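Beneath this line is the structure, given in structure tokens, with notes to follow.
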Amino acid sequence: MSVRPPVSEGASRLEPDTIAWPPSWPRVLDAEFGLPPAGEYRASPEDFQVAEVLDFAPEGEGEHLWLHIEKRDLTTAMAVRELARLCEVPPRDIGYSGMKDRVAVTRQWLSVQLPGREAPAGLNDALAACGVSVLAEARHPRKLKRGVHRANRFRLRLTGAAVEAPALEARWARLIEQGVANYFGPQRFGPDGRNLLRARSLLARGWRKRDDRDGMLLSAARSFLFNELLAGRVQDCSWNRLLPGEVAILDGTASQFSVEAPDDELYARTARLDLHPSGVLWGVGDSVAGTEALAREAQLPSRYPALCTGLERAGVRLARRPLRLRLGESCLTRGENELWLAFSLPRGAFATAVLRELIAHPTL
């Protein structure tokens, strides 16, 4: 059954969608605990630590040099540009799995194609001068591809009034028990939502790759539509339960299957976070959702016709994303006037989705 409406002859003349910013996407825990207390995070890069988790290691030989790096106060794109410059290769010869935050201390793998030659002398020292430390290196036959890491481990420092709030630990425990609404984080949309506004304008006039080479604006538009869908399901308390026609996603995997009519066993698996309901990432293609779940998704093109039609015209393929996250390896540690959270999330998930349930902060 198709989730997208027919594209009319006048679709290209649709006015850009009206989008209020910042959005007021609802939190899950407010109904039970009230508004979260004010808090601070990421006062310095050391307060936001991220480590990428791969399920494999480089083989030890091949034309690609893989570097396990730690970077501070740099985006992944900045580190890629520095590595390409120092190795005198084009940036397209550099591989990475995920994009990591700038104001943070992050660990991830990069690869650089160096067929038949060694890395430049003094490469590690030159990278260190740019804020990139090389922790390990090895050869591998292939380039590191996007999205191959399994998860990210986070260690975050919180300060401010939230540290002393009596309900904070109860909120944390509730997130561990029931999971987290899988919102895309504010960094996806840029300061003041500028990526989304640029995406709206670009899609209204017709997307071209030369205007959005890395697909960042397409991603911002799809992420916004997903968050809008998820917000509706949070509002009616269906974000963590299966609806008739739901597409369920197995926790920690990309495996998915349609659920025409949930039964007791599926409800029980969902309650223990083994399965998650999912939402559409808008694009061209037929949705496998049915009945009630499909009806929710079909509201998006009537609310945001220019975004939906623009994504279809750009040829983006329809996909799905879990509405909920499980917090893995979770730990809360108190210090003097500070609190440290440790947890892991699957790739593509945002730590800010966790933080917004625990503290009130202008950037969340």
Some residue of the stretch 165-173 being assigned by TED's automatic domain parsing to the domain that holds Met216, of a type in the set (A, V, I, L, M, F, W, C), in contact with a Pro (Cβ under 6 Å, 6 or more places away or on another chain) and touching a residue at least 40 places away in the same chain (Cβ under 8 Å): yes
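Residue by residue, here is whether (1) free of Cβ contacts under 8 Å to residues at least 12 places away in the same chain; (2) out of contact with any strand residue (DSSP E or B) (no Cβ under 8 Å at 6 or more places or on another chain); (3) within 21 Å of Arg198 (Cα to Cα); (4) assigned by TED's automatic domain parsing to the domain that holds Ala199 holds:
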{"residue": "Leu275", "(1), (2), (3), (4)": "no, no, no, yes"}
{"residue": "Pro301", "(1), (2), (3), (4)": "no, yes, yes, yes"}
{"residue": "Ala306", "(1), (2), (3), (4)": "no, yes, yes, yes"}
{"residue": "Thr309", "(1), (2), (3), (4)": "no, yes, yes, yes"}
{"residue": "Gly315", "(1), (2), (3), (4)": "no, no, yes, yes"}
{"residue": "Phe343", "(1), (2), (3), (4)": "no, no, no, no"}
{"residue": "Ala349", "(1), (2), (3), (4)": "no, no, no, no"}
{"residue": "Leu355", "(1), (2), (3), (4)": "no, no, no, no"}
{"residue": "Pro362", "(1), (2), (3), (4)": "yes, yes, no, no"}
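Table: residues versus (1) part of a helix (DSSP H, G or I); (2) within 17 Å of the chain's Cα centre (by Cα).
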{"residue": "Ala121", "(1), (2)": "no, no"}
{"residue": "Asn152", "(1), (2)": "no, yes"}
{"residue": "Arg157", "(1), (2)": "no, no"}
{"residue": "Val163", "(1), (2)": "yes, no"}
{"residue": "Phe184", "(1), (2)": "no, yes"}
{"residue": "Gln187", "(1), (2)": "yes, yes"}
{"residue": "Asn195", "(1), (2)": "yes, yes"}
{"residue": "Ala199", "(1), (2)": "yes, no"}
Output for the stretch 322-341, where each listed residue is under 25 Å from Ala254 (Cβ atoms) and either without any contact (Cβ under 8 Å) to a residue 12 or more places away in the chain or in contact with a helix residue (DSSP H, G or I) (Cβ under 6 Å, 6 or more places away or on another chain) (or both): Leu323, Leu327, Ser330
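Give me a count of the residues in the stretch 1-46 that are part of a loop (DSSP other than H, G, I, E, B) and modelled with pLDDT under 50.
Just the residues of the stretch 1-46 that are part of a loop (DSSP other than H, G, I, E, B), to begin with: 1, 3-10, 14-29, 34-37, 39, 42-44.
Then drop every residue that is not modelled with pLDDT under 50, which leaves 1, 3-10.
So the answer is 9.
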The stretch 244-267, residues that are exposed (fewer than 15 other Cβ atoms within 10 Å of the Cβ), among the hydrophobic types (A, V, I, L, M, F, W, C) and farther than 13 Å from Arg324 by Cβ: Ala254, Phe257, Ala261
Residue within the stretch 297-306 that is out of contact with any Leu (no Cβ under 9 Å at 6 or more places or on another chain), among the small types (Gly, Ala, Ser), surrounded by 13 or more Cβ atoms within 10 Å (Cβ to Cβ) and within 24 Å of Leu218 (Cα to Cα) present: yes
Evaluation of Ala293 against (1) out of contact with any Gly (no Cβ under 8 Å at 6 or more places or on another chain); (2) surrounded by 15 or more Cβ atoms within 10 Å (Cβ to Cβ); (3) farther than 26 Å from Val148 by Cα (one fails), failing number: (1)
Test: residue in the stretch 89-101 that is without any contact (Cβ under 8 Å) to a residue 40 or more places away in the chain and assigned to a strand (DSSP E or B): yes
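The values are calculated or read from the model by the stated rules, or taken from the named source; none is laboratory data. All values reported here derive from a predicted model rather than from experimental measurement. Methodologically, a virtual Cβ is constructed for each residue, glycine included, from the backbone with ideal geometry; neighbour enumeration extends over all protein chains shown.
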